[in-house]
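Okay, structure first, notes after.
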Amino acid sequence: MPIARLHAALIAAMLVMVSAATPASANFNAFLNGLWPQAKARGVSERTFRAAFNGMSPDPKVIAQTKKQAEFVKPIWEYLSTAVSDNRIEKGRANYSAYRNVLKVIEQRYGVEGQIVLAVWGMETNYGGYMGKNNAIRALATLTYHGYRSDFFRNELLNALVILERGHTTPDRMEGSWAGAMGHTQFMPSSFMKYAADYEGDGHADIWGNVPDALASTANYLKSFGWRTGETWGYEVDLPNGFNYALADEKTERSLAEWRKLGITRTRGREFPRPDDRAVLVVPAGARGPAFLMLPNFQVIKRYNNSTSYAMGVGHLADRIIGGGPFEKSWPVGEPGMSRKDTEQLQILLSRRGFNTGGADGKAGPMTRAAIRAYQQSAGMPADGFPSHALLKQLKSGS
């Protein structure tokens, strides 16, 4: 038998061992058979490939999780009540003391304040308390196999195999989220490949079992996206009566001094330490909730997770860890949150009226909020861009 055919036969035999020969497993085996040449091209050995997929089948629970991301389906006040709970603040302060020397070194190396790094750790895994129970290889293979953002997750799966090939960890330790994020601070494989840091200097970046490595990796990640040392993430502010909420589009950038001229003041009469800093105005719960001027570091945090709720959770938790207090203005906690189905219906109704939401996916992202603002302006309402049941009711009524 020619060598090429012999090699192909060996690989086929290997994949047959992955799972029982049912129609579903046959399809999955065909998927793995197609994946092998790409893995090989990245330097993954047959031995590593075999070990990674041995006995594997797709995980049906992973696909269900794609519709349950808390930062996109919970009202921000509910999300923050968990993200910045008293328990999480207390644990953060304890870890701030326990890792004080490590955090000082990390801050010197990367210029990212220790409380921010700790807050990411707290938000991602509750300081290592829960790093996920999904095998990253299986989760990524499931997502790719089912065609969920398949190009993205295929690349992540191949990177995960390279991580195994290079000996950073073993398949059984590669546990994490349903989306394949791993370790203490939940790095996707591609992020690990680019930003993982070896704090200990032992030749491996161990984000699964070595806390200093995980914290240093997080700081390196934030630094790479432009973290500005010595600057905060944002300020809670008071808005004047009759303020034009159309300016709260999360895009209109002005200096703090320029915002001040429009009547926006920092809460409790405090001054902005650097009036020339540039900021955007964010009202995450609409006109009835707190308002914030967000600095460039807020956008850096969003590179970790592109969610306003998440970035606010990290920033506020960091402040609380070093002694900051709660927000001054209350959230509209009495108002029921919008379900994903509600938001989907809102998007459909807005689109029918000519306000482009970018599709009906049930997530109130930037395009949806912009569409809401445009509709609110046309209807003579405060253009705060906030999706609510009152707005949905108005759209249904056709008024």
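The values are calculated or read from the model by the stated rules, or taken from the named source; none is laboratory data. These numbers were taken from a predicted model, which means no experiment stands behind them. Cβ placement follows ideal geometry from the backbone for every residue including glycine, while neighbour counts extend to all protein chains displayed.
Condition first: at negative phi and in a loop (DSSP other than H, G, I, E, B). Can you find one or more residues in region 114-121 that meet it?
Within region 114-121, not a single residue is at negative phi and in a loop (DSSP other than H, G, I, E, B).
Condition first: basic (Lys, Arg), out of contact with any Leu (no Cβ under 9 Å at 6 or more places or on another chain) and part of a helix (DSSP H, G or I). Now tell me which residues in region 153-191 satisfy that. Spell out the reasoning first.
Let us first name the residues in region 153-191 that are basic (Lys, Arg), namely 154, 166, 173.
Then drop every residue that is not out of contact with any Leu (no Cβ under 9 Å at 6 or more places or on another chain), which leaves 166, 173.
Within region 153-191, just Arg173 meets the criteria.
Just to verify a result, which residue in region 165-177, among those that are surrounded by 22 or more Cβ atoms within 10 Å (Cβ to Cβ) and in contact with a helix residue (DSSP H, G or I) (Cβ under 6 Å, 6 or more places away or on another chain), is nearest to Gly92 (Cα to Cα)?
Gly176
Every residue in region 344-359 that is under 17 Å from Gly385 (Cβ atoms) and either of a type in the set (A, V, I, L, M, F, W, C) or not assigned by TED's automatic domain parsing to the domain that holds Ala383 (or both), please.
Leu346, Leu349, Leu350, Phe355
Hey, among Arg340, Arg353, which residue is within 25 Å of the chain's Cα centre (by Cα) and of a type outside the set (Ser, Thr, Tyr)?
Arg340
Across region 56-76, which residue is farthest from Val333 (Cα to Cα) among those that are at pLDDT below 90 and in a loop (DSSP other than H, G, I, E, B)?
Thr66
From Tyr79, Tyr130, Tyr96, which residue is surrounded by fewer than 20 Cβ atoms within 10 Å (Cβ to Cβ), aromatic (Phe, Trp, Tyr) and in a helix (DSSP H, G or I)?
Details: Tyr79 fails: surrounded by fewer than 20 Cβ atoms within 10 Å (Cβ to Cβ); Tyr130 fails: in a helix (DSSP H, G or I).
Criteria check complete, one pass: Tyr96.
Does region 341-355 contain any residue that is touching a strand residue (DSSP E or B) at 6+ places or on another chain (Cβ under 9 Å) and buried (at least 22 other Cβ atoms within 10 Å of the Cβ)?
Among the residues of region 341-355, not one is touching a strand residue (DSSP E or B) at 6+ places or on another chain (Cβ under 9 Å) and buried (at least 22 other Cβ atoms within 10 Å of the Cβ), which makes the answer no.
From Phe327, Phe355, Phe298, which residue is touching a Gly at 6+ places or on another chain (Cβ under 6 Å) and not aliphatic (A, V, I, L, M)?
Matching residue, one of Phe327, Phe355, Phe298: Phe298.
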